[in-house]
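The next block holds one structure in the form of structure tokens; read it before the comments.
The values are calculated or read from the model by the stated rules, or taken from the named source; none is laboratory data. As the structure is a computational prediction, the values presented were derived from the model and not from experiment. In this analysis, Cβ positions are derived from the backbone assuming ideal geometry, glycine residues included, and neighbour counts consider all displayed protein chains.
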Amino acid sequence: MLRFVQEADASRSVTRRVDDKEIPDAVPVGEYPVRRVHRGTCTEMKRQGFCIARETGSVQSVDADTGIAHPGNLVEVGDMVEMAMGKDDLCDRVPVSLEGSGENPCIHQDMTDDVGVAEEATAWNPPDRHGRIIRFSHPMSVMPSLIHECLAGLPELVEDVARKEGISPRIAARSVARGRLVIPANPNRHHRTCGIGEGCRVKVNVNVGTSGPLCDLALEEAKARAALENGADTLMDLSTGGDLRAIRRMLLSLDVPVGTVPVYEAVRRAGSAADVDADLLFSVIREHCRDGVDFLTLHCGVNRDVLSALRTDPRIMPVVSRGGAFHVAMMVQRDEENPLYEEFDYLLEILSEYGVVASLGDGMRPGCLQDAERHAKTVEYLTLGRLAGRALEAGVQRMIEGPGHVPLPQVPCNVQAIKELSNGAPLYLLGPIVTDLAPGYDHVVSAIGGAVAAMQGADFLCMVSPSEHLALPNVDDIVEGTRVARIAAHIGDISRHREGYRAARELQMAEARQKLDWNAMFSLALFGDHARRIHERDGESETCSMCGDLCAVKLVREIFRRKGE
């Protein structure tokens, strides 16, 4: 198959989108009929043998025996139609740009009528010969996006993330195009880059923001800076009180990706959740995008199907997500569908226009362990999986949120279910909280669940502070919660990366401890300043004050030294 592609490339001078000798980007498309709709007239065209999708917007027929492309175009499929083949030998799901084509093309797959190429091979179809149906459909606005840029080349943004993560830029670009890596970076402002997802370190988000009775801009800035100093990769503004725009702009002035939850501000402007209509909600979303917000939590999966599940399979705590509760109130009191679900295509147009990442919110996350197996959560998972596919097909980056309070043995299956339903989209977790009995220590409980979730494939952990379920966090809570979340993320990294616990830094720490080299230990530690303060509080000594002159490490080291070993 690779020979066919290479020979066809040579015969037709097919330009590769990404200059990489290892992995071909123009590959066979398959043998299905092509359905073409032109000005209301529908005709079918049969494709014989293999075809190659080209950058020029044409599909070239290829002789199956010789691998030589025929000279004529078989069908126009838009400006950018190409199926990238990676090491897994599976054709990737890729968006199709409509620019430069008046035919409004899209690629059909069973679950959606929007743009994209399905990745799965059918049972009778070998992995390197994916049958596909290409058809022309209703008009759809697809703006240039990072996903499209990755199909056309290697964007500087992706190269920067690849350098930071120590991965191939080519592989990073493919992961972005497949929707398995997102880079929150609104073009309206500049800040340090942060890759979330496939091939990247597990990242940590820290929530800050005011509440109704506690509105102190200086305090929120101090909390945000404390989070960054202690390892936060991103910040989210959850403010519901005070001058919301001033707080947002303060956070956007920092050198970090920033997320928001637009429905919070919509409710404040309207006065109540029941008074929020689609126009107001989309207006706030557009305003946040225009201000430079990099990712938005959007509770698109809270729809009437979820409401039905809440009624037929009741929970002890029906809804604990604030955004989820707002949308439930909107639907019930207005007797309308969630506008973010009903008008999802319009939402995607806004996000595409501003290059903003959609964080598909977990409005139905369980609020206690007893609700972890109720239907509402699963119904939302299924909905978010479908919406994630539609977002990718429109060229919009997205990640999935979940899953709340979940018993530890259920964490792996929840992570794997979301990953499978969303085709490997980056997974953003609050917690999971794995016991309900430790208020005041929920940051520790969350770190336990988060480490297990990261080991199973979660990509992005949301910090839980010691004040979770109790109060608005202060600066000390933010510091403690961020550090514990950072530790959980590190444990996740070493449990799933190739080097694992044999990474150089882990080995160096072991050697430093053997030598009782305290300065080396403190420099290698995740939070060496804290370790140094504890060690020195009983005075400086060669060993720790726990063992003193009975230190096992020192004792055995001296025995071996005397023996000359």
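The residues of the stretch 148-196 that are of a type in the set (G, A, S) and under 19 Å from D493 (Cα atoms), listed by number, are A162, G166, S168, A172, S175, G195. Among the conditions (1) at pLDDT 95 or above; (2) farther than 26 Å from I196 by Cβ, the only one that I559 does not satisfy is (1). Among the hydrophobic types (A, V, I, L, M, F, W, C), out of contact with any strand residue (DSSP E or B) (no Cβ under 7 Å at 6 or more places or on another chain) and closer than 24 Å to C194 by Cβ, is that true of A222? Yes. Does A329 satisfy the criteria of being buried (at least 24 other Cβ atoms within 10 Å of the Cβ) and assigned by TED's automatic domain parsing to the domain that holds G450? In short, no.
The single condition among (1) loosely packed, with under 12 Cβ neighbours inside 10 Å; (2) within 31 Å of the chain's Cα centre (by Cα) that E542 does not satisfy is (2).
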